[in-house]
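Derivation of every value follows stated rules applied to the coordinates shown; laboratory data play no part. Small disclaimer: the values here were computed from a predicted structure and weren't measured. FYI the Cβ positions are ideal-geometry reconstructions off the backbone, even for glycines, and counts take in every protein chain you see.
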């Protein structure tokens, strides 16, 4: 037994304290839940309605991956591939890897990034200054990404989803989780649950393969790292232990390379433009080095030409980072009380596991080659979709997911020492009680400071909430007894109840970390976003025109690159005409908000008309190549059908392959 | 000692009995020597049945009951799967709470012999630490073996209905566990 610390002042309270909400009786419609993998680099949405096999939903161009990049260069945000086009022209208005900023204050951000963080209004949250006197919180940026995925789901389901499961790194703390939940709410989604990414991967993998036994999930994404050990048995997915680092990922590999390139270019204080270009080139180089032994990097803005980087050079840069993840692997095996050889398999998740050095070291640590039969990009979204289907009320017989709390929860006691009430890796739901006593007769109140983390001192842990307990009867030391109960539900939502045993006086708080963005502000943002949807129609129209123009520009450019040099497909004169239109279109694009919607439409139409013949020739060629041996009539039939499609697709420069 | 306990496997969500012992909740006999498999099988079956995810669309009362059941099941699993916690829990059910200082119902006060032995072991630890890792590892092995023997002894005493003796052995086991933590800390 120990004495809780007494604190009179309640400054720096991170919490909103209120009566715990009653459990609502939700209306859920089986089959209308969606699973979202909100990744650092890419995001995906998947469904698995009524027990069906999960599938990822594609965008209009057949692509499952939505780059997690949002451009605020124009008045209305542009998300995904097109946002990436703005990165160099508007380096501080295009936000990539926002996940690393979720639930963090400006002070928490210890790495180099091209953004301007404004911290005038409060200190607890990072805000991106995106120009034109506008700022965006990480929650708003994430909500913009989620909206695109939501509309993808609406198109597929034919109605609004009843709810979503959004995946988060297992090692996210409560502030990061709450920020993610708020982003979902802001995007108009009802968040059924936040599911740990490695757990989602195990769910998808286990149900797909029918595997049994102990499995390790090594999940290295763009910005976060998780490792989990699960036991799969008869449809029950039991997480035994989880660990990781919510600030370690492929972005750190890129940054290591960026630092080296800055050294080579002898630049000490790079501009945002330089940083954006460096990040893009470094990532491309890292990806190329998965297959190639060496690559040449050119970074125009830094005056770097054909700088050669070898795979072993990259390995040297990132070895300390990858080793860090291996230390977490050994710790998690120890927590699960298992030896590496007892595992049936190790599953790799996340794009960064494509890096050869990562595979090598995983193999060394777990003493087996990782399983290679899954798509590391999709498996998390698949698992989220299965979970969403379950939580929408579908019958999936016998499947149960027993997840754990990743970080210990405790109370600050005398001397700032943490008394752990619920240790990490406890299966949820769980409740735990502890009795505390008074230290003096004069003590009539107690402040319970609820903290999260593994460190011994409360200052080194993350403070979640303060609960004031008053009216303790005046009794000799150690005679007044307060029983504190921590209840974690299946959503890992914590409710803390304190009860004075002599008088039965009880106080309760639902612990909701606010990480600086209060409930009021969330509500305001939601109503604002609804108002904007009405008022800002013109701006939206402009943005959409810009998106459409961007799509055509991208398609024409790709087509010229792919087949422009083939005989008879594109004459020099035609290439010149298309080039002129492309250029003026790109000038309009770079004006961002300043270009009128009609100008953008005109530019698109001109580009389409000047490249229409080229598109037609290209299509014919593709069809001829694909249908050798067919009669002319058959080909014409297909062509006619395709032309309908072509009209719908506007421009028709889809990337057919010519083999 | 095998005592038949009422099985809850056919119980539904209609009520929650907070006073049920972990053994009764799991439908297992209250004994020291339970195989891992038995505990695991019961745990998986109960989890599948009571996990709150199965009741998401149901009324508030069902959800609250599912939460209570699941929390108790997970708590019970933590105790039953761990041989030491299981033994301490059995002794608690039999009337001696090792977490309490109460004279009649609390942990037995350690006798002079144990305290003298512990002082000796602490001195040994200091000496081993100065001699290096090899000496520490050796001491760790010796203390672990002694702790295992004590746990066996506690279980044997409990099965003979000598609850006080079992409690005494478990108190000594706690001392050794703390010592093992210190050895571990000295190793790093």
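Observations
- Entry note, chain B: the mean residue ellipticity at 222 nm calculated from DSSP H runs of n ≥ 4, each adding -39500 (n - 2.57), is -22500 deg cm²/dmol after division by the residues and rounding to the nearest 500.
- When A:318, A:428 are sorted by how many other C-beta atoms sit within 10 angstrom of their C-beta, beginning with the fewest, the order is A:318, A:428.
- Considering the stretch A:265-337, its Cα convex hull presents a mean projected area of 6.6 nm².
- Sites residue B:114 and residue B:85, calculated FRET efficiency, Cβ-Cβ separation with R0 22 Å, nearest 0.05: 0.55
- Debye-sum result for the protein assembly as shown in log10 I(q)/I(0), which assumes one identical scatterer on each alpha carbon, at q = 0.11 Å⁻¹: -1.42
- Packing order of peptides A:393-405, A:141-153, highest average first: A:141-153, A:393-405 (average count of other Cβ atoms within 10 Å over each peptide's residues).
- Neighbour-count order for A:580, A:137, fewest beta carbons within 10 angstrom listed first: A:580, A:137
- A:218, A:205 arranged by Cβ crowding within 10 Å, fewest neighbours leading: A:205, A:218
- Sorting A:595-606, A:42-53, B:122-133, A:376-387 by their mean Cβ neighbour count within 10 Å, with the most densely packed peptide first, gives A:376-387, A:42-53, A:595-606, B:122-133.
- Taken along the Cα-to-beta-carbon direction at a fixed 7 Å, the label points for residue A:287 and residue A:327 span 3.1 nm.
- With an a/c value of 1.5 or above and a/b not larger than b/c for the gyration tensor axes a ≥ b ≥ c computed over the alpha-carbon atoms, the stretch A:316-374 is described as oblate.
- Where Rh is the Kirkwood radius over Cα pairs, Rg/Rh for the stretch B:125-170: 1.25
- Three-way shape label, the stretch A:293-404, alpha-carbon gyration tensor, a/c 1.5: oblate
- Peptide B:74-86 is shielded by partner chain Cβ atoms: per residue, an average of 2 of them sit within 10 Å of its Cβ.
- Residue A:367-residue B:100 pseudo-label distance in nm [points 7 Å out on the Cα-to-Cβ vector]: 4.7
- Look at the stretch A:389-398: the mean tally of other chain Cβ atoms within 10 Å of its residues' Cβ atoms is 2.
- Taking label points 7 Å from Cα along the Cα-to-Cβ direction, residue A:596 and residue A:575 give a separation of 3.6 nm.
- Against the rule of thumb 2.2 N^0.38 Å, how large the Cα Rg of the stretch A:71-157 comes out: 1.12
- Cα centroid separation, the stretch A:316-371 to the stretch A:418-467 (Å): 33
- Shape category assigned to the stretch A:134-177 from the gyration tensor of Cα positions, a/c cut at 1.5: oblate
- Alpha-carbon centroid distance for the pair the stretch A:33-70 / the stretch A:231-273, whole angstrom: 22
- FRET efficiency for the residue A:616 to residue A:59 pair, using the beta carbon distance and R₀ = 25 Å, is estimated at 0.50.
- Each peptide in A:274-283, A:456-465 gets a packing score, the mean of other Cβ atoms within 10 Å over its residues, and the list from highest to lowest is A:274-283, A:456-465.
- If you plug the beta carbon distance of residue B:174 and residue A:208 into 1/(1 + (r/R0)^6) with R0 = 45 Å, you get a FRET efficiency near 0.45.
- The mean number of Cβ atoms from other chains found within 10 Å of a Cβ in peptide A:235-247 is 1, as a whole number.
- Tilt relative to chain B, helix B:133-159 - C-alpha long axis, 0 to 90 degrees, to 10: 50
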